[in-house]
Each structure stands twice: as C-alpha cells, then as structure tokens.
Amino acid sequence: MIVDVHTHMVTEDYLDLLRREGGPTYAFRTLPSGGEVIDKAGVPFFTLLPPMWDFDQRIRDMDAAGVDVAVISLTSPNAIFADTELSRKAAWMMNDAFAEARTAHPDRLRWFASLPWTDTMAAVEELGRAVKLGASGVIAVATVDGAPLTDPAYAPIWSAIDKAGLPVFLHPSVPPGEKALGLDQYNLSPPVGFVFDTTLAISRMLYDGFFERYPNLRMILAHGGGTLPFLIGRLDHCHQNIPACSTGTNHPPSDFLDRFYLDSVVFTKGALDLCIETVGPDRILFGSDYPHNIGDMAGRRELLEANSTQHRKTAADLFGLG
C-alpha cells in the first residue's frame, strides 16, 4: 500500500482558537484573491485552503492519486501557544478530532499526536492519552516558541516518547529570527525558511548526543530532511576538526543516519537520489505535503516511484500496517 506520512489537516475549531488567541504572534490576513493566510510575526507561512478541514474531500483526493493511507498531522503552529492552558486545549482538541477521523475512516487514516510542549508534564500526560486513542506517532515542531527541542526542559517528553516506541515526525515552522532573515520578502519561509528550521534542529540534535540519550527514537524528517543530505559530510568533517562540534558526543553525525527516515517532499530527481544515497532506499517514505498549495500527491508519488525505494514496505513496518 502507499502511505502518505507528510500530510496535514486542521479543524475549524482549531482555526477559531488560533484566530482568537494566537495574537500577537499569529495573525490572519485576507489575500487579494479572497482567501486567508496566517502570518507569524508578519511572515506569511500558512495559506488556508478548504481541503484542509474536509475529510471527505481528502479521501476522494487520495483515491484520485492512488494513495491508500494517510498519516495526518497538525502543521505549525501545532499546539504551541504562549499560554500553557491554550496549548493543552489545542492538543486535546486536535487529538480527539484525529481519533474521530480515524474511526470514521479506519482503513484510510492514521495520525500523529500533537503535544502541548510548553507544559512538560501535560505533554507527557497527553502522550499517554493519545496512545490510548490510537495515535501512530508524534509530531514535533522544530522549535518550541523559539526554544530548541534539545532544551533540557523537554527531556521528560522525549523520555516518554522513547519509552512508548512511537516514531516522531519532525516538521518545521517559520524559524526564529524571521524578520532579521528577511523571510517576509517573497514569502521566503516555505521555500527556504522551513528547510533551514529542520536542518538547524536536526544538526543540533546530532551534535548534542540526543540520539544516545533516546536509543529507541526513530525520526521522520520533513521535506527530505531539509538540507541534511547535502550537509552530512560537512557535519562529520566539522565534528572531526572543530572541538566545539564534538563536545556533546564522540560519535560523528553519520553514525545516527540509521535513526532517520526522509520523506519524498522534494522536487527533483537529483534531490531524491541524494536522499536515497544518504539514508538508503529502505529509509525513504512517501510524503505529499497535501493539502498545502505546494502539496501534490500525484506528483510526489510519480517522482518517488520512478526511483528504486522500498517505501511501501518501510511504511507498513513502521506503522504496523498489514
């Protein structure tokens, strides 16, 4: 079967919550076309499209593209609010909605749990609740309100995920310093900012000894791993030659490549070839980024299936699908 591991949904209740309580960081803005976009600190990053909250439309579109199962997730800003109670509310709301969607479409949908990362104990509790609801994994946004995922404050959450044995989908957002980086120009966050956010997060983990502390952790990296496939050799070389790069671990970053899966949300054969060369054909997963405006189930499937990968078996094994 074909399993889409990078595909998003929201609910109108969640959008209403973000609209009411997301300010001043997050703001909704009407586009000249009449649709809406969400800005983070003035940087556009999330164009709202009706298929994002229409589960029946999703199933029809999956049928048209020949996709059997979607592992849906809540994209950024996920359940990360400045107010911890709002973070908890957003996580409960979306995990309940996704569990209900799986019940309605048991053969077609699975889901990644959202956690209220800004409240460590609540996040551990919500992880346990999500497992009971049937979550197939956890989504982690690359930074938590500007803080790195390697922050010691999040160690109890990672320990709980590691113990549960759930795969983690690492997904970016608008990276910190968005205004200084000029990401408000040309809407640069989706084409460049997102992959930078993922790359910085995973590089920090590789130098930090993170994967030694959490030996059971398996991580799916969005957008082909950001620029990790291009930079892994450089990360190793710097680990060997720059003392600061080896203070967290004696292991070079490439020692942990067997802990990663890369999705197929890349747009050239050369990029996909490099992903395969980096982690191997058995560590590539199908992803579409549907229903964002750059999402494309049929196109990403065509590119992936033109290459020699084992994505069907890999996804079935990872998510326990028959």
**Request:** Could you tell me whether any residue of the range 49-57 is modelled with pLDDT of 95 or more, polar (S, T, N, Q) and out of contact with any Cys (no Cβ under 8 Å at 6 or more places or on another chain)?
**Result:** yes
**Prompt:** In this structure, does ARG204 turn out to be charged (D, E, K, R), out of contact with any strand residue (DSSP E or B) (no Cβ under 7 Å at 6 or more places or on another chain) and in contact (Cβ under 8 Å) with a residue 24 or more places away in the chain?
**Reply:** no
**Message:** For the range 131-164, which positions are at pLDDT 95 or above and of a type in the set (Gly, Ala, Ser)?
**Reply:** GLY134, ALA135, SER136, GLY137, ALA140, ALA142, ALA153, ALA155, SER159, ALA160, ALA164
**Asked** Inside the range 154-171, can you point out the residues that are in contact with a Leu (Cβ under 9 Å, 6 or more places away or on another chain), in a helix (DSSP H, G or I) and either in contact (Cβ under 8 Å) with a residue 40 or more places away in the chain or among the polar types (S, T, N, Q) (or both)?
**Response** ILE157, TRP158, ILE161, ASP162
**Message:** Looking at the range 215-223, can you tell me whether even one residue there is of a type in the set (D, E, K, R) and farther than 18 Å from THR278 by Cβ?
**Reply:** no
**Message:** Need pairs with beta-carbon distance below 6 Å; first residue farther than 22 Å from SER189 by Cα and within the range 39-58, second outside any strand (DSSP E or B) and of a type in the set (Val, Ile, Thr); sequence gap 6+ or separate chains.
**Reply:** TRP53/VAL10; TRP53/THR11
**Asked** With respect to ASP236, is the statement that it is within 23 Å of ALA271 (Cα to Cα) and either in contact with a Lys or Arg (Cβ under 8 Å, 6 or more places away or on another chain) or surrounded by 19 or more Cβ atoms within 10 Å (Cβ to Cβ) (or both) true?
**Response** no
**Message:** The conditions are (1) farther than 25 Å from SER136 by Cβ; (2) modelled with pLDDT under 95; (3) buried (at least 18 other Cβ atoms within 10 Å of the Cβ), and ARG301 fails exactly one of them. Which is it?
**Reply:** (1)
**Message:** What's the total number of residues in the range 154-185 that are more than 16 Å from the chain's Cα centre (by Cα), buried (at least 20 other Cβ atoms within 10 Å of the Cβ) and more than 18 Å from SER114 (Cβ to Cβ)?
**Reply:** 2
**Complete:** Just one listed residue, out of THR268, THR247, is surrounded by fewer than 18 Cβ atoms within 10 Å (Cβ to Cβ), within 30 Å of ASP54 (Cα to Cα) and over 16 Å from the mean Cα position of the chain (by Cα), and it is THR268
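Return the total of residues in the range 281-306 being assigned to a loop (DSSP other than H, G, I, E, B), touching a Ser or Thr at 6+ places or on another chain (Cβ under 9 Å) and not acidic (Asp, Glu).
Qualifying residue count, the range 281-306: 7.
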**Complete:** Quick count over the range 111-153, residues being among the charged types (D, E, K, R), outside any helix (DSSP H, G or I) and either out of contact with any Ser or Thr (no Cβ under 9 Å at 6 or more places or on another chain) or crowded, with 23+ Cβ neighbours inside 10 Å (or both), is 1
**Asked** Residues ASN241, ASN216, ASN293: which one is at pLDDT below 95, among the polar types (S, T, N, Q) and at negative phi?
**Response** ASN293
**Asked** Is it the case that some residue within the range 45-60 is surrounded by 20 or more Cβ atoms within 10 Å (Cβ to Cβ), touching a Leu at 6+ places or on another chain (Cβ under 8 Å) and not in a helix (DSSP H, G or I)?
**Response** no
**Message:** So for the range 24-31 (the condition being in a helix (DSSP H, G or I), modelled with pLDDT of 95 or more and surrounded by fewer than 18 Cβ atoms within 10 Å (Cβ to Cβ)), does at least one residue qualify?
**Reply:** no
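The values are calculated or read from the model by the stated rules, or taken from the named source; none is laboratory data. Keep in mind that this is a model prediction, so the values were computed, not measured. Here the Cβ is made from the backbone with ideal geometry for all residues, glycine too, and neighbour counts use every protein chain on show.
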